[in-house]
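Right, one structure below, let's go through it.
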Amino acid sequence: MVSLVFDTNSSSCRRLVQGLPFPAPDFRNCNNSQGCCPPPYNKTFENFYVFDMTLPMRSRRPAHLLDDAYIAKYQKAYQLLRALPDSDGRSWKNQANLHCAYCNAAFYFPMAKSRLEIHYGWFFFPWHRFFLYFHERILAQLVGDDTFAIPFWNWDDQSANPPLANVLPDVFANAMYKNKSSSLYDANRNACAQPPNIIDLQNLFQCENQTPSLKASLHESNNRIMYTQMVIGAPISRLFFGEPYKLGGWAGPGGGTVEASPHVPVHTWTGNPKAKIATSDMGNSQFSAFDPIFHAHHSNIDRLWEVWKALAKGNHQDITDPDYLNTEFLFYDENGNLVKVKISQALNINTLRYKYEDVANFWVHDGSDATSISCFPTSTLEINKMIINTPAFNTNNPITFANSTFTFCVSRPIERRLHGEEVLVIGGLHIGNATSLFLNAFLYFPTANTNTSISCRQFLGKLGNSGVNFGPDLPDSKKEWRLAITPKLQSLGMDQFSHIVVTLVQLGVPQNIQFKTTQIVYFE
Ligand code: C2O
């Protein structure tokens, strides 16, 4: 169903069928309820920013492999940034506030259903790419070095040989700061996110006392999350980038696989859980860009966009919808001028004059289904029995998920494989106040339970830290969890059955949540 919004200002009664690109937000009509509106200016924006193709190519390097000379420059850059006055759009505070404003209901468009939100939908990757681009150029300008590039925090690399990539990089670690005067220090980080603890991309908060066996299982689950979100769960653009979001539509219609996880878990793992939410920095989008590790985290997220495109040339394509490509944003350039860009300018990093130093993406192999084990019988006889014995999801009775597991059966349309990508859509999510919700989905594995490892080949996907994957105003009827199923069915060798059997497992203390619908839909 397409919802219609009418533009009453237009004499032609033009229809805005959820569809028009967003024009650049007017910063002068900023809602300052979160205190992050940009400073006043007087200017109009006729032209788009022209990216300087004559700049030297900048190489973004892994943060765990930086040399002393680079570290000195990196610290100097943030020191100079922190010293800029707040009348300057480039200042430390204005940079961090820009992120806050684009994601905390600051910008309103007359015909939009809710205020602009660049998270939880298809703006996530390009907006952050621009944000990093200009931030990096500002730092380069301050240190007088056009080759300066932001490093990337390579947390997706689980190799156990030092220097480790999956710990807080040395430049950010407390051990580095004798007197906490480094410009890269942030007081609001998680004490248990300090080395030697390694990252937990499932975000189950097991970061205290990491025993060797817990570390080994974290290596495994981190690799599985990476593979699941980058490969098996994101065969097409819509699942990787997130749902379309156009002028006239709801803000935060649903983020892509990588935005939901690992992106969010890295934030919450790094931010201070003990601080009030307002001072948790990385753990809270309003304040996260106040921690310089934010930019190194997003540099890796931005790198994963390039990695995803290279993983399967053909299927892994950028979005081509003109309403996406023509959406505009404003940023401060390295001279402090407010400039206008559109998403089509973000797609080619070569024209932005930066690249990522090559690193091995070990999870492509180490987290793959091919190296995982099957945890349940897969014979035709067993599966047919399972299908007969599993109740279908009754849409008249939305389920209240108060137990830790729930198994249901969904029929696959007969015309399958003729068009599009087969996606299981679990809709009408009511999450309510469940703040730390962790759901794992498994295929053809009805005995899966809270102790079941995601290393099992039957692991289909994860809904984690829920409530964070949708805009705050999105009605429950529009909240959907989308899971690609064809690649998983193929890897299980079970693409021939008429029904799928899905088991959802809720980890931790079961929260009261509801689903209304389950169906299989074909995505183009
Ligand atoms: Cu704008 Cu990682 O968030």
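The values are calculated or read from the model by the stated rules, or taken from the named source; none is laboratory data. These numbers come from a predicted model, not from an experiment. When we count neighbours, we look across all protein chains shown, and the Cβ atoms used for this are built from the backbone with ideal geometry, even at glycine. The area values use the complete protein model at the heavy-atom level, side chains included, leaving out ligands, DNA and RNA. Shrake-Rupley method; radii C 1.70, N 1.55, O 1.52, S 1.80 Å.
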Response to the item:
If we keep only residues of the range 119-128 that are within 13 Å of the ligand (Cβ to nearest atom) and touching a helix residue (DSSP H, G or I) at 6+ places or on another chain (Cβ under 6 Å), then the residue farthest from residue 77 (Cα to Cα) is 119
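Taking the condition over 25 Å from residue 317 (Cα atoms), of a type in the set (Gly, Ala, Ser) and within 16 Å of the ligand (Cβ to nearest atom), does residue 216 pass?
Numbers: over 25 Å from residue 317 (Cα atoms): yes; of a type in the set (Gly, Ala, Ser): yes; within 16 Å of the ligand (Cβ to nearest atom): no.
No, not satisfied.
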Worksheet item: Since residue 161 meets every condition but one in (1) over 17 Å from residue 290 (Cα atoms); (2) within 16 Å of the ligand (Cβ to nearest atom), which condition does it not meet?
Response: (2)
Worksheet item: If you take the residues of the range 123-157 that are open to solvent by 10 Å² or more (accessible area, probe 1.4 Å) and outside any helix (DSSP H, G or I), which of them is farthest from residue 182 (Cα to Cα)?
Response: 157
Practice prompt. Would you tally the residues in the range 486-505 being touching a helix residue (DSSP H, G or I) at 6+ places or on another chain (Cβ under 8 Å) and part of a strand (DSSP E or B)?
Written response: 3
Item to complete: Mind listing just one residue for me: the one in the range 99-118 that is out of contact with any His (no Cβ under 9 Å at 6 or more places or on another chain) and open to solvent by less than 10 Å² (accessible area, probe 1.4 Å) and, of those, nearest to the ligand (Cβ to nearest atom)?
Response: 100
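Of all residues in the range 77-91, count the ones that are part of a helix (DSSP H, G or I) and open to solvent by 30 Å² or more (accessible area, probe 1.4 Å).
4
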Fill in: Elements of type strands (runs of 3 or more DSSP E) contained in the range 283-395, each with 2 or more residues being touching a residue at least 24 places away in the same chain (Cβ under 8 Å) and within 16 Å of the ligand (Cβ to nearest atom)
328-332
Worksheet item: If residue 252 passes every condition in (1) part of a helix (DSSP H, G or I); (2) at pLDDT below 95 but one, which one does it miss?
Response: (1)
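Yes/no per residue for (1) in a loop (DSSP other than H, G, I, E, B); (2) farther than 23 Å from residue 450 by Cβ:
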residue: 164; (1), (2): yes, yes
residue: 175; (1), (2): no, yes
residue: 182; (1), (2): yes, yes
residue: 187; (1), (2): yes, yes
residue: 192; (1), (2): no, no
residue: 200; (1), (2): yes, no
residue: 208; (1), (2): yes, no
residue: 216; (1), (2): no, no
residue: 220; (1), (2): no, no
Discussion item. Could you tell me how many of the residues in the range 183-226 are open to solvent by 30 Å² or more (accessible area, probe 1.4 Å), within 16 Å of residue 440 (Cα to Cα) and at pLDDT 95 or above?
Written reply: 1
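Taking the condition within 24 Å of the chain's Cα centre (by Cα), open to solvent by less than 20 Å² (accessible area, probe 1.4 Å) and aliphatic (A, V, I, L, M), does residue 439 pass? Working first, answer last.
Working: within 24 Å of the chain's Cα centre (by Cα): yes; open to solvent by less than 20 Å² (accessible area, probe 1.4 Å): yes; aliphatic (A, V, I, L, M): yes.
Here the answer is yes, as residue 439 does meet what is asked.
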